[in-house]
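Asks: Mind looking over this structure? Questions follow.
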């Protein structure tokens, strides 16, 4: 701290900056703009939430509805997952511990998968 000409103590620039940072942090925390990170801050936030009457919007009532809402309103950017050719087949075979699958069972599995993919594409799922 520095002493001013009229004997007032003036905090130096570093102390002023530190005080300003603390005030900004406290304001953002109280406003709810910061996620609580300490046990004390979490306890305060939980206590404040207990005093509020909050109701979950219908669009968030279940996961499927929330996903549909986000997708319809372009609130998320989804890209289809591209699995390298052969990887899926190798994983499926590994899951069967390398055992052979009879041709008729494999044909049915492929038909079921194609039907499922067609159904998903018809519904516009990502």
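The values are calculated or read from the model by the stated rules, or taken from the named source; none is laboratory data. Keep in mind the model is a prediction, meaning the values are calculated, not measured. So basically every Cβ, Gly included, is an ideal-geometry build from the backbone, and we count neighbours across all protein chains shown.
Asks: Restricting to region 20-44, what's the tally of residues that are loosely packed, with under 10 Cβ neighbours inside 10 Å and closer than 28 Å to residue 73 by Cα?
Replies: Within region 20-44, residues that are loosely packed, with under 10 Cβ neighbours inside 10 Å and closer than 28 Å to residue 73 by Cα number 3.
Asks: Just to be sure before I move on: is residue 47 surrounded by fewer than 11 Cβ atoms within 10 Å (Cβ to Cβ), more than 30 Å from residue 123 (Cα to Cα) and either at pLDDT 85 or above or out of contact with any strand residue (DSSP E or B) (no Cβ under 7 Å at 6 or more places or on another chain) (or both) in the structure I sent?
Replies: yes
Asks: For region 7-19, which residues satisfy the criterion of being exposed (fewer than 10 other Cβ atoms within 10 Å of the Cβ) and modelled with pLDDT under 85?
Replies: Passing the criteria: 7, 8, 9.
Asks: Confirm whether residue 109 is assigned to a helix (DSSP H, G or I), touching a helix residue (DSSP H, G or I) at 6+ places or on another chain (Cβ under 9 Å) and either closer than 27 Å to residue 123 by Cβ or at pLDDT below 80 (or both).
Replies: In short, yes.
Asks: Turning to a different aspect of this structure: When you go through 69, 74, 4 one by one, which is the residue that is on the phi > 0 side of the Ramachandran plot and at pLDDT below 80?
Replies: Unique residue meeting the criteria: 74.
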